[in-house]
Each structure stands twice: as C-alpha cells, then as structure tokens.
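I have placed the structure first, in the form of structure tokens, so that the comments after it can refer back to it.
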Amino acid sequence: MEKIQRCDAVLAAKEEQMQNLQEKLNALQLMVSFHNNLENMHNEKIKYKAELYAAASEKSCSENNKRLIESLSDQIHENTETLRVLITQMTNSKSTRPLQNQETERLMQEESMHCVPFKSFCNTSTSIQSIDVVDIGSVSVVCDSETAGPGWTVVQRRFNGTVDFFRDWSEYRCGFGDLKGEFFMGLEKLHRMTNSVHCELYIKLVDFYNVVRYAHYDNFRIGSEEEHYMLKSLGTCSGDAGDALRYNLNDRFSTYDRDNDSWSKGNCANYYHSGWWSNSNAYSNLNGKYLDREIYDEKSIWWYTWKKYVALKSVQIMIRPVQKEKKIQ
C-alpha cells in the first residue's frame, strides 16, 4: 500500500510538471505568434507603401488609380496603427518633449530661416565660386545658372564614373571628388545650407538614350549629423521623373560603415553600393555604382519612379534659396 501511495505521489508530481511545461509552451507559442504578427504588419506596411508611390507616380490619374491610392493609403494607415500598438505593448517608449514645445521650436526655426540673407549661395553665373557656409566658413562650390534657371548650387554630379561614390561616413560628411568633374558636396555643408534658409531641390536625370527628366522639390532640408543627416523635408514635388525621393522622407543616411537604416538583415548602403537615405529599402540610388550602359542593376544609379532599377547615364543634384520671383526654367 505504501509503495502504491509513493507511485501516486510521483505520478501527481509528474502531471503537475507536465501542466507547468504546457503552460510555458502555450506562452512561448503566443509570443512567437505575436512576433510573427508584428513582422507581417511591418512587411505589409512596406509593400503597401511601395505600391502607393508606384501608383501615385503615374502621370495618368484615372479613377481606378485614384481608388487604388485611396485604398492603399487607408491600408497603410491601418497597418501603421496596428504596428504602433504592437510595438507599444512590447516596449516602454521613452518620454518625449511636449508637442507644444516641439511646435514652438519649429516656429522659431522657421522664423530665423526667413531672416538669413542669401550670401551663402551662388549668384547668376555658371562657374566655381567661393561662398560662406554657416558655421563652416568659405568653401568652393559649383554654380549652375543654365540647367534650371539662375542661382543653383550643385550638390552632386555624375556622368562618367571617374569618381568612386562607394565611400565611408567621414567622406560623405565632408564631401569628395573633383569640382570640375564628378563630386559630392558633403552632408555637413548641405545640412548647414538647407537649415540657414528655405531651399528648393532640383534633380536632373539623363538615360542612355539622352532622354532628360527632372524632379523638383520646393522645401528641401536635411538634419544634422546627430540626426544622421535625416531627410527631414521635401515639400511639393513637380517634374516628369516622378516623386521617388518621398518614399524615404524622414529616413536617415547610411554608408557602408554606418548602418542607420531599419533593415534588420543587412545594410542598404552595402546592398545598393552607395551612400543614401533608406529605411528597409530605397526608391532611388543616385550615389550608386556608375555603369556605362543601360542595364537593370540595383547597385547602379537609378530613379524608381522613372525607369525602376535601370542604370542612368548621368545625374545632377542642385539646391537654391526659395524666392518667389524665381521660377524653374
């Protein structure tokens, strides 16, 4: 009888242990399901966002496209909200500044930008000039008054592949290349200039059939190095190349040695062979590898809303202060 009682006790203990293990298993399965839902929502957000901008970039505005854009916008909003709730459940968010303080700071910044004179930008000639950049001093820049009207400062120029644009963070920060050929101005100068006065952005694209397209943004600004030179503002887009850059609005700049994107499986700068703004992917790659022929290659220079991932022959990026009397020519 005593032996039977001991066996019953052992059996009861085993049953309790099995019950505890089953509860842990259920909890783990719930956790796995939760993470899968989170990842699915993130992937769906990226997919719908890409489809939205692909639809919006088409010049024809048929009723079907309008309905598609509205549907995708609603889906993005729904998935974004679901993702936000899931993330909130998983992590304790850090406290942020009150919205009132943020709005006050924004208004003060805008007011100060209106008061800055245009001394730090190009005049009406097309040449290499010296200008004074806020908190940096005198720098040499390329000025262009032929491509899209007077007063543009050239930020980047590509046309023959003589300069390697697969550079590290320090070089993209300071700038590199030859002002008489291919070059990149430098993110720090670009940040100082676009935060000293309201700037517009002009991007000229040329394919290997010498077809020219452009994209113009009327309120361009990037963040500081502490903000990883985030693409903070674009304004309204016009032009016939499509609004590819907007896909990466509020995204940070990455290089092969400074991964600031949100792609969990790698570094977009390495994947696209460039330094550029990206989240888990990008919709343009104007600092990519220069190719000497038209070919489908994600590492090349491309603008998705025009020719998808097909390599382009040349590109020129320019900025200038926004002035009402100046119009794009």
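The values are calculated or read from the model by the stated rules, or taken from the named source; none is laboratory data. If you're wondering where the values come from, they're calculated on a predicted model, not measured in any experiment. Ideal geometry is used to build each Cβ from the backbone, glycine not excepted, and the neighbour counts take in all protein chains shown.
Structure values in brief
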read-out: Check on GLY151, surrounded by 20 or more Cβ atoms within 10 Å (Cβ to Cβ) and either of a type outside the set (A, V, I, L, M, F, W, C) or closer than 21 Å to GLN323 by Cα (or both); value: yes
read-out: Qualifying position, being more than 12 Å from the chain's Cα centre (by Cα) and more than 19 Å from ARG157 (Cα to Cα), among GLY288, GLY242; value: GLY242
read-out: Selection from segment 205-243 of residues that are surrounded by fewer than 21 Cβ atoms within 10 Å (Cβ to Cβ), assigned to a strand (DSSP E or B), touching a residue at least 60 places away in the same chain (Cβ under 8 Å) and not hydroxyl-bearing (Ser, Thr, Tyr); value: VAL206, ARG213, HIS216, ASP218, ASN219
read-out: Criterion (polar (S, T, N, Q) and assigned to a strand (DSSP E or B)) met by exactly one of SER274, SER280, SER254; value: SER254
read-out: Candidates ARG221, ARG157 - the one that is over 16 Å from the mean Cα position of the chain (by Cα) and more than 18 Å from LYS307 (Cα to Cα); value: ARG157
read-out: Segment 177-203 residues that are farther than 17 Å from PHE165 by Cα, paired with ones that are at pLDDT 95 or above and assigned to a helix (DSSP H, G or I) (beta carbon under 7 Å, 6 or more apart); value: CYS199/MET193
read-out: In segment 141-156, the residues that are over 12 Å from GLY186 (Cα atoms) and either not assigned by TED's automatic domain parsing to the domain that holds ALA269 or not in a loop (DSSP other than H, G, I, E, B) (or both); value: VAL142, CYS143, ASP144, TRP152, THR153
read-out: Of all residues making up segment 197-211, the number that are over 20 Å from TYR172 (Cα atoms) and among the hydroxyl-bearing types (Ser, Thr, Tyr); value: 1
read-out: Single residue of LEU249, LEU234 found to be under 21 Å from THR147 (Cβ atoms), assigned by TED's automatic domain parsing to the domain that holds ASN285 and within 12 Å of the chain's Cα centre (by Cα); value: LEU234
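Residue-by-condition table, conditions (1) among the aliphatic types (A, V, I, L, M); (2) touching a helix residue (DSSP H, G or I) at 6+ places or on another chain (Cβ under 8 Å); (3) outside the structural domain of ASP178 (by TED's automatic domain parsing):
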| site | (1), (2), (3) |
| --- | --- |
| ASN270 | no, no, no |
| ALA282 | yes, yes, no |
| TYR290 | no, no, no |
| SER300 | no, no, no |
| TRP303 | no, yes, no |
| LYS307 | no, no, no |
